[in-house]
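For reference, the structure discussed in these notes is given below.
Computed from the coordinates by the stated procedures, all read-outs in this text should not be read as laboratory data. Nothing here was measured: the structure is a model prediction, and the numbers come from that model. With ideal geometry, Cβ positions are generated from the backbone for all residues, glycine too; neighbour counts draw on all protein chains shown.
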Amino acid sequence: MFRINIFRPIPPPVNPIGDIYDPDEDEPVYELGWSHMQLVYEFFLRFVESPDFNNSVAKPFIDHKFVLTLLDLFDSEDNRERDCLKTTLHRIYGKFLSLRSFIRKSINNIFLTFIYETDHFNGISELLEILGSIINGFALPLKEEHKIFLIRVLIPLHKPRSLSLYHPQLAYCILQFLEKDPSLTEEVIMGLLRYWPKVNSPKELMFLNEIEDIFEIIDPQEFNKIEIPLFAQLSKCISSSHYQVSEKVLCFFNNEYFVSLVTENAENILPIIFPSMYKIAQPELAAELDFSESNNWNRTISSIAYSALKIFMETNPVVYDRCFVLYETQLKEDEE
């Protein structure tokens, strides 16, 4: 019954996607037969969840082919169907131990095809949501195949232009890995830096949100491994012409754990970020704003940058003074 009523070729897309999609103007087109299909999904779920469900009897029918066809349906444009598919696949994953590895590999293949070939698949966020639950249940120590999946599949998922459609679920999966194995931090951070957007400020904000979440759980020893390349990128963000990008990084200094990591490693970090922070904080340091300057920063940004610099003035005055002298010397050399 499930095969006959649910399994079908996915029709060509009719809803606009990407930059041309306007949620205020574009009404999504839903599956016309959904009311009927919903009943079939609900019946199947109750069947699988029933205490009388017999895995041995169902095994010849819920096989590799069944799973692959089910995964193909995740490309449905109807988010209601994708939500039912998510629950259905999750139940199958829980019930059939013999299918678990195959399900993970098949999802892996969908992601790789999406990243490197099609750049479009409607159910990425739902599949990531399933994976978040799966990763949460991984036993320790993590298997090598799981680490490879993180580095070769999850990290490259930051590359597609449609990242905003599934970023929260992706970030959650990555945090799950780091909480289970902090030694993966360096590879994750270096991977994020490799895919860091050059001219897309909204996407850059997503990356910064993810970095902020990683800072909440990062191990101090792992932090030491990535501090220089990471803060080289954060320094560029502080100097960004996009107000929100600059503000986002500076607001990291409101987090006590972040401040403790940075101040303990000020000798390495402050020389990297001092020029960009000092330039922004100058109006506040001078207690005035010159609105005639082309590279003007508003008072809020200047005040946040000044507060961050003040932390270094108070906790690491020697390092701060050294950075200030180097900054002034560099300015004079540039003028000459």
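Charge tally around N136: other residues with Cβ under 12 Å, Lys/Arg +1 each, Asp/Glu -1 each, net -1. When you count the other C-beta atoms within 10 angstrom of each residue and take the mean per peptide, 243-249, 101-107, 32-38 line up highest first as 243-249, 101-107, 32-38. Counted residue by residue at 0.36 nm each, then reduced by the alpha carbon distance between them, the extension gain from K95 to K236 reaches 45.9 nm.
Mind pulling the angle between the C-alpha long axis of helix 317-335 and the longest principal axis of the chain? Nearest 10 degrees, somewhere in 0 to 90. That works out to roughly 80 degrees. Electrostatic bookkeeping for R322 treats Lys and Arg as +1 and Asp and Glu as -1; over the other residues with beta carbon under 15 Å from its beta carbon, the sum is -3. Along the axis of the charge dipole computed for the chain (Cβ charges of +1 for Lys and Arg, -1 for Asp and Glu, origin at the Cα centre), the listed residues I148, V14, F207 are led at the positive end by I148. For the residues L184, L154, L142, a GNM of the chain with alpha-carbon springs under 10 Å puts the largest fluctuation on L142.
Return a whole-number percent for the relative contact order of the stretch 1-138, with Cα pairs under 8 Å and 6 or more residues apart as the contact set.
RCO, the stretch 1-138: 26 percent.
Potential lengthening of the chain between D213 and R322 amounts to 36.1 nm, from the contour at 0.36 nm per residue minus the alpha-carbon distance. If you wrap the tightest convex hull around every Cα atom of the chain and split its volume per residue, you get 171 Å³. Here the residues E144, E267, ranked from fewest to most Cβ neighbours within 10 Å of their Cβ, fall in the order E144, E267.
In order along the stretch 253-258, the Karplus-derived 3J(HN,Hα) couplings, from 6.51 cos²θ - 1.76 cosθ + 1.60 at θ = phi - 60°, round to 6, 7, 8, 4, 5, 4 Hz, and Gly and Pro are given as x. Sorting E117, E179 from the fewest to the most surrounding beta carbons within 10 angstrom yields E117, E179. Per residue, the average separation of C-alpha pairs within less than 8 Å and at least 6 apart gives the chain a relative contact order of 10 percent.
Rounded to the nearest 20 debye, the dipole size of the chain about its Cα centre is 1660 debye, using +1 on the Cβ of Lys and Arg and -1 on the Cβ of Asp and Glu.
Among M1, M206, the order by Cβ neighbours within 10 angstrom, fewest to most, reads M1, M206.
Helix 167-180 versus the longest principal axis of the chain: what angle, 0 to 90°, nearest 10, using Cα atoms? Between helix and principal axis, roughly 80 degrees. For D63 and Y257, the FRET efficiency from 1/(1 + (r/R0)^6), where r spans their Cβ atoms and R0 equals 41 Å, is about 0.25. Output ³J(HN,Hα) for the stretch 189-194: one whole-Hz value per residue in order, computed from phi by the Karplus curve 6.51 cos²θ - 1.76 cosθ + 1.60 with θ = phi - 60°, and x for Gly and Pro. Along the stretch 189-194, the couplings run 4, 5, x, 4, 5, 5 Hz. Once you divide the Cα radius of gyration of the stretch 1-138 by 2.2 N^0.38 Å, the number left is 1.10. All other residues whose Cβ lies under 9 angstrom from that of L184 are scored, Lys and Arg at +1 and Asp and Glu at -1, for a net of -2. With each label modelled as a point 7 angstrom along the Cα→C-beta vector, the R161-K332 pair spans 5.0 nm. When +1 charges are put on Lys and Arg Cβ atoms and -1 charges on Asp and Glu Cβ atoms, the dipole computed for the stretch 59-141 relative to its Cα centre reaches about 600 debye.
Across the stretch 71-84, rounded Karplus estimates of 3J(HN,Hα) from the backbone phi angles (6.51 cos²θ - 1.76 cosθ + 1.60, θ = phi - 60°) give 5, 4, 5, 5, 7, 4, 7, 8, 5, 5, 5, 4, 5, 5 Hz, Gly and Pro being marked x.
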